[in-house]
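One structure is given below, encoded as structure tokens.
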Amino acid sequence: MKLFIFSLFVSLNVLATINHFSLDSHKSFYIVDGDSISLQMRIAGIDTPELNQTCRKYVDQIIDCGQLSKRYLHKLLKSLPGELVILPVGIDNYQRILVRVYKGEVNVGKRMIESGMAFSYKDTYKQEEKVARTEKIGFWGFDTLPVKPYKWRKLNKR
């Protein structure tokens, strides 16, 4: 917990130096009550299926690939040994804090790609994605892949 609080202070310090971040954004910064705040963060370099985004694991089995990816991230964060380290690296277009997440020595975003549970955002982890695709790991071994998340979001604007 102390490490998380320290990371939060580092994040806020970084935010003070990034001109495009706005505390007015309800998507990135939320005041819960008089002594609690919530910050929205996004793991840099990866993109995962959205919740309720389906794909086919087998010909006759449609699953929620967004939930699958979320559960996998949860499992990684709970099961990997070591301290959780969150390093802010920037702000995205939606005013969320972009972070690199490490659990012990493991780069969590990179592991999500290697496990076939995320797509590389731009070329950040393109080589790792290529290996997962070739070896049919995670989504890459499914009967029908999830639509790339950015395309799915475009088609399913709320």
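The values are calculated or read from the model by the stated rules, or taken from the named source; none is laboratory data. What you see is a predicted model; the values in this text were computed from it and never measured. Glycine also receives a Cβ, built like all others from the backbone with ideal geometry; neighbour counts cover every protein chain displayed.
The figures follow:
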{"quantity": "Residue among Lys57, Lys2 that is loosely packed, with under 12 Cβ neighbours inside 10 Å and either at pLDDT below 70 or of a type outside the set (A, V, I, L, M, F, W, C) (or both)", "calculated": "Lys2"}
{"quantity": "Selection from the stretch 123-137 of residues that are without any contact (Cβ under 8 Å) to a residue 40 or more places away in the chain and either assigned to a loop (DSSP other than H, G, I, E, B) or under 16 Å from Gly66 (Cα atoms) (or both)", "calculated": "Asp123, Glu135, Lys136, Ile137"}
{"quantity": "Tally, over the stretch 37-96, of residues that are more than 16 Å from the chain's Cα centre (by Cα), charged (D, E, K, R) and over 19 Å from Gly116 (Cα atoms)", "calculated": "2"}
{"quantity": "Filter result for His20 (farther than 21 Å from Trp152 by Cα and modelled with pLDDT of 90 or more)", "calculated": "no"}
{"quantity": "Those residues of the stretch 63-112 which are part of a helix (DSSP H, G or I) and more than 19 Å from Pro146 (Cβ to Cβ), in sequence order", "calculated": "Leu77, Lys78, Ser79, Val108, Lys110"}
